[in-house]
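The values are calculated or read from the model by the stated rules, or taken from the named source; none is laboratory data. The shown structure was predicted, so the numbers you read here are calculated from the model rather than taken from an experiment. Cβ atoms come from the backbone with ideal geometry, glycine included; neighbour counts cover every protein chain shown. The accessibility values were calculated without ligands, DNA or RNA, using every heavy atom of the protein model including side chains. Shrake-Rupley method; radii C 1.70, N 1.55, O 1.52, S 1.80 Å.
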Amino acid sequence: DLKTKVKECRAQTRTEKKKRAMAMREKQLKELGMNVNTRGQVVASVGAVEREMAELVEESGLKCVICHEGYKNQPQKILCIYTFSKRCLLEDSEGRTRKNLGYFTVSHFNVVHYDCHISAVRLARIRDEWESASLQNSNTKCNSLMPIWGPSVTESAFTTCLARHNAHIQEFTGVREASLSYVIHDIRMLLLRFVTERSFSEESGGGGRQSNIHFMPFIVQIALYVLTTTRRHTHEVAQLTSFLAASSADWVTMCYGAESPSYFLVLALVLQSPRAWKAC
């Protein structure tokens, strides 16, 4: 009769829904590398854990302080260095009433993915961006992220992060543009801290000689990139050649200017090849 047919139809519908649910469950478990044993227990598939462990690559180089992954596991995610930049005189002994101003940069050499930094800042809504970042930076002041150009990072990703880094420098130091000459001065002042044994953490509250010697190659990388992309190589070589051709008396006079002999020494480090250095 009609009542029996309705019951059969409902039972068939429930059975069909149950089959579909079980099929979907099995599919999802399979994607997770798991299955159901004869007792109905959910367990890891044989070999799934071993395969996942085999796929894991131990980071031996730079890695993010938040996710602990670097360019081996995340080759296209750009890594950056927390840095602290501050306005200063380019040359204390400059013989002018109105001395040239620039900035210096120091670092505790803590590395972070730019994406991880942004996520951490969003989670800490009540804090300022750099107040939040200081927690990831070993409680050291920072106000920028200097990008590291990894082997698989696209140039567009690198230049975008570099533009943000330059914008932060402009915001916190007041310089109009972080040009090549400013970067050279930045390297020069960092090297002078090593020579004069001046504190690296006086202004930032953290980071010492070891942190900043690790930081050095990456600021030189920035200088080389700016030199290449702005097509100033010929001009800078001409400046260096002119300096080398000057007399010792002229060099003494230059010591009281912004572009002192120490400035040209750093410029030579950036411009000249190892072969050229050996020939000197």
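Using the 2.2 N^0.38 Å rule of thumb for compact globular proteins, work out how the stretch 99-221 stacks up: its C-alpha Rg over that value, please. Mind dumping the intermediate values first?
Numbers: Rg = 14.6 Å, N = 123, 2.2 N^0.38 = 13.7 Å.
With N residues counted in the stretch 99-221, Rg over 2.2 N^0.38 Å equals 1.07.
Using Cα centres only, tell me the gap between the stretch 86-104 and the stretch 126-194 in whole Å.
If we compute the Cα centre of each part, the gap is 20 Å.
Considering lysine pairs in the stretch 53-146 that are 8 or more places apart or on different chains, how many have Cα atoms under 30 Å apart?
10
For the chain, what is the calculated [θ] at 222 nm in deg cm²/dmol (nearest 500), taking -39500 (n - 2.57) for each run of four or more DSSP H residues and dividing by its residue count?
Mean residue ellipticity at 222 nm (helix-derived): -17000 deg cm²/dmol.
Measuring from label point to label point, each 7 Å out along Cα→Cβ, what is the Leu89 to Leu135 span in nm?
4.0
For Leu62 and Lys278, what is the calculated FRET efficiency with R₀ set at 30 Å and r taken between the beta-carbons, to the nearest 0.05? All intermediate terms of the calculation are to be shown ahead of the outcome.
On the way: r = 30 Å, r/R0 = 1.00.
Plugging the Cβ-Cβ distance into 1/(1 + (r/R0)^6) gives 0.50.
Using amide H atoms built in the peptide plane, which far-off residues or other-chain residues are under 5 Å from Cys67 H to H?
His113
Roughly speaking, to the nearest percent, how much of the stretch 188-280's 1.4 Å accessible area is carbon and sulfur? Walk me through the numbers on the way to the answer.
On the way: 3350 of 5470 Å².
Ligands and nucleic acids excluded, carbon and sulfur give 61 percent.
Starting at the first residue of the stretch 142-149, write each ³J(HN,Hα) from the Karplus equation 6.51 cos²θ - 1.76 cosθ + 1.60 with θ = phi - 60°, in whole Hz, x for Gly and Pro.
8, 9, 6, 10, 8, x, 10, 7
Would you kindly derive the ³J(HN,Hα) couplings of the stretch 69-81 from the backbone phi angles with the Karplus curve 6.51 cos²θ - 1.76 cosθ + 1.60 (θ = phi - 60°), listing them in order in whole Hz, with x for Gly and Pro?
Karplus values, whole Hz, x for Gly and Pro: 10, x, 6, 7, 8, 10, x, 9, 8, 6, 9, 10, 10.
Dividing the convex hull volume of the alpha carbon atoms of the stretch 153-205 by its residue count, what do you get in Å³ per residue?
Details: hull volume 6.2 nm³, N = 53.
With only Cα atoms used, the stretch 153-205 gives 116 Å³ per residue.
Specify the angular offset, from 0 to 90 degrees and rounded to the nearest 10, of the alpha carbon long axis of helix 2-31 from the longest principal axis of the alpha carbons in the chain.
30
Taking a probe of 1.4 Å, how large is the accessible area per residue of the stretch 53-146, in Å²?
Details: 5230 Å² over 94 residues.
In whole numbers, the stretch 53-146 has 56 Å² accessible per residue.
Dipole size in debye (nearest 20) for the stretch 140-280 around its Cα centre, Lys and Arg Cβ +1, Asp and Glu Cβ -1?
Values: 11 positive and 10 negative charges, 56 e Å.
The calculation lands at about 260 debye.
Size of the stretch 159-280 along its principal axes in angstrom, Cα-based, largest extent first?
42, 34, 29
Could you report the stretch 204-280's accessible area per residue, 1.4 Å probe, as an integer in Å²? Before the final figure, lay out each step's value.
On the way: 4540 Å² over 77 residues.
Here the residues of the stretch 204-280 average 59 Å² of exposed surface.
Quick one: pull the percentage of alpha-carbon pairs in the chain with a separation above 31 Å. Each step should come with its number before you reach the end.
Working: 18199 of 39060 pairs.
Cα-Cα pairs of the chain separated by over 31 Å account for 47 percent.
Near Lys7, which aspartates and glutamates are there with a Cα under 20 Å away, not counting those fewer than 8 places off in the same chain?
Partners within reach: Glu16.
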